[in-house]
Amino acid sequence: ILTVPLLGMSALRWQLFTLVMRWLSVLGFCWALQGLWPRRTWQIRWMGLLLAVFPGFTQQTVSVAYSQHFITYALFTFSLGWMIWAVRRPQRFWLYTSLALVAELGHLLTMEYFVGLELLRPVLLALLLSQPGESLGRSVLKALKRWLPYLAVLGVFLVYRFVIYPGFSPVPDGNPPVLLLQMLSEPLTALLRLVEHALQDSVHVLLFVWANTIEPSQIVLTAKTLLLSWVIGLLVALGIAWYASQGTDEAAAENGPDGFVRQGLLVGVLGILLGGLPVWITDRQVIVGLWSDRFSLAPMFGAVILLVWLVDWLSDRTRRKALFLGLLLGLAVASQVRTVNKYRLYWDIQRDYYWQLFWRAPALQPGTAVIGPEMPFSLVGDYSIGFALNAL
């Protein structure tokens, strides 16, 4: 309703718009974490960089569909940021809290991808509000009180989603909580399957998405685009790693005693688990299905936090950390360049295919079946090809 009249049928507009929305979601992510760990600017910048080019999500080029995902992501991260900064700046409490609640409701009613991460709020509030020497119970109680308005908004969404919406929706629910319902009849079986999904996807988004950026078959010295992707990735890695390593003294000063050593691990792990929860209870996975890497959008929130925390914990040498994180960043950039090139090639094949069909068979009658041994091109759904053929 809002974006189609504005952006129309221009592919370039849609691509730029979705990239801007992704950029805003990264800004909101970094702003929120800066409020949580104000002395960890160096680490938070690396988290933001890795989130921006996270190689586990390869469908950025599908700009029209994923524009709403990143609108939702931006609303969520800024809502989180306003909530955190409402605690940091009490003089703006009501303004920031109001904005946070409106953004929360906006992202929940647009898409439900990030509903699991809403359960991260009371944890972040407890970390923010706890005082030295204060009992755990006291910190939890203060956090729960601050969380109540956000819990009320979440409750409104849940009532709408599971009580009101099914009553007027003309089609059956496309994302039923299969495993959640199965727990009523077969609790042990459902729980084991849920844990299995969580373990498999968590290992994937934390480790294997970075390993998969290097495919031995793609090391072809005669392929210009592949070489270009590696050159761009290498330049990005060296440039940003060199820049980040220049702040050794500043970074060391920031690494004074604070809660990041414990809190980074907690927030990272919960970010992965809570981010994947809405997917896993529908008996789906990040690693299963042609288009399923879209389910990594919410878990990657926690994955980049945990990854940077792990590198930071393993070494106190800023230059080494910068070099390693820069290498990961470069590999991700190179992988994204190759992925975008695949979409570019298939886009050319699509246009050629439809033009050839229109030009060579202009008199096809309605109801004629177009049959082939396989899909004529990849990176597009079969229903999209059907729609295009019917339009022709």
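Consider region 1-54 and keep the residues that are basic (Lys, Arg) and out of contact with any Cys (no Cβ under 9 Å at 6 or more places or on another chain). The one that is surrounded by the fewest Cβ atoms within 10 Å (Cβ to Cβ) is 13. Only one of the numbered conditions (1) at pLDDT 95 or above; (2) under 15 Å from the mean Cα position of the chain (by Cα); (3) in a helix (DSSP H, G or I) is violated by residue 57, and that is (3).
Residues in region 14-43 that are free of Cβ contacts under 8 Å to residues at least 60 places away in the same chain and over 21 Å from residue 118 (Cβ atoms): 14, 15, 16, 17, 18, 19, 20, 23, 38. Residues in region 210-227 that are in contact with a helix residue (DSSP H, G or I) (Cβ under 7 Å, 6 or more places away or on another chain) and either under 12 Å from residue 338 (Cα atoms) or in a helix (DSSP H, G or I) (or both): 210, 213, 214, 218, 225, 226. Does residue 239 satisfy the criteria of being within 28 Å of residue 298 (Cα to Cα), in a helix (DSSP H, G or I) and at pLDDT 85 or above? Here the answer is no, as residue 239 does not meet what is asked. Checking 109, 105, 128 one by one, the residue that is more than 28 Å from residue 260 (Cα to Cα), hydrophobic (A, V, I, L, M, F, W, C) and modelled with pLDDT under 95 is 109 and no other. Selection of region 131-155 for residues being at pLDDT 95 or above and of a type in the set (Val, Ile, Thr) yields only 153.
Within region 166-182, if we keep just the residues that are within 16 Å of residue 112 (Cβ to Cβ) and not in a loop (DSSP other than H, G, I, E, B), the residue that is modelled with the lowest pLDDT turns out to be 166.
Restricting attention to region 67-86 and to residues that are open to solvent by less than 10 Å² (accessible area, probe 1.4 Å) and not aliphatic (A, V, I, L, M), the residue that is nearest to residue 47 (Cα to Cα) turns out to be 77. Residue 289 fulfils the conditions (1) within 18 Å of the chain's Cα centre (by Cα); (2) under 30 Å from residue 30 (Cα atoms) except for a single criterion, (2). Candidates are the residues of region 285-336 that are among the basic types (Lys, Arg) and part of a helix (DSSP H, G or I); the one that is surrounded by the most Cβ atoms within 10 Å (Cβ to Cβ) is 321.
Annotation note: Cβ proximity below 6 Å between a residue of region 360-382 that is at pLDDT below 85 and part of a helix (DSSP H, G or I) and a residue that is among the β-branched types (Val, Ile, Thr) and open to solvent by 50 Å² or more (accessible area, probe 1.4 Å) (sequence gap 6+ or interchain) occurs for no pair. In region 186-232, which residues are open to solvent by 90 Å² or more (accessible area, probe 1.4 Å) and β-branched (Val, Ile, Thr)? Across region 186-232, the qualifying residues are 219, 222. Does region 200-209 hold any residues that are more than 18 Å from residue 59 (Cα to Cα), among the hydrophobic types (A, V, I, L, M, F, W, C) and touching a helix residue (DSSP H, G or I) at 6+ places or on another chain (Cβ under 7 Å), and which are they? Passing the criteria: only 206.
Residues are listed down the side, and each one gets a yes or a no for (1) more than 22 Å from residue 305 (Cβ to Cβ); (2) open to solvent by less than 50 Å² (accessible area, probe 1.4 Å); (3) in a helix (DSSP H, G or I):
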{"position": "99", "(1), (2), (3)": "yes, no, yes"}
{"position": "134", "(1), (2), (3)": "yes, no, no"}
{"position": "141", "(1), (2), (3)": "yes, no, yes"}
{"position": "146", "(1), (2), (3)": "no, no, yes"}
{"position": "151", "(1), (2), (3)": "yes, no, yes"}
{"position": "156", "(1), (2), (3)": "yes, no, yes"}
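With respect to residue 270, is the statement that it is within 30 Å of residue 317 (Cβ to Cβ), touching a Phe, Trp or Tyr at 6+ places or on another chain (Cβ under 8 Å), at pLDDT 95 or above and assigned to a helix (DSSP H, G or I) true? When the stated conditions are applied, residue 270 does not pass them. Quick one: which of 14, 85 is in contact with a Phe, Trp or Tyr (Cβ under 8 Å, 6 or more places away or on another chain) and part of a helix (DSSP H, G or I)? Going through 14, 85 in turn, the sole match is 85.
The values are calculated or read from the model by the stated rules, or taken from the named source; none is laboratory data. All figures in this text were calculated on a predicted structure; none of them were measured in a lab. All Cβ positions, even for glycine, are placed from backbone atoms using ideal geometry, and neighbour counts span all protein chains on display. Just so you know, the surface numbers come from the protein's heavy atoms only, side chains and all, with ligands and any DNA or RNA stripped out. Shrake-Rupley method; radii C 1.70, N 1.55, O 1.52, S 1.80 Å.
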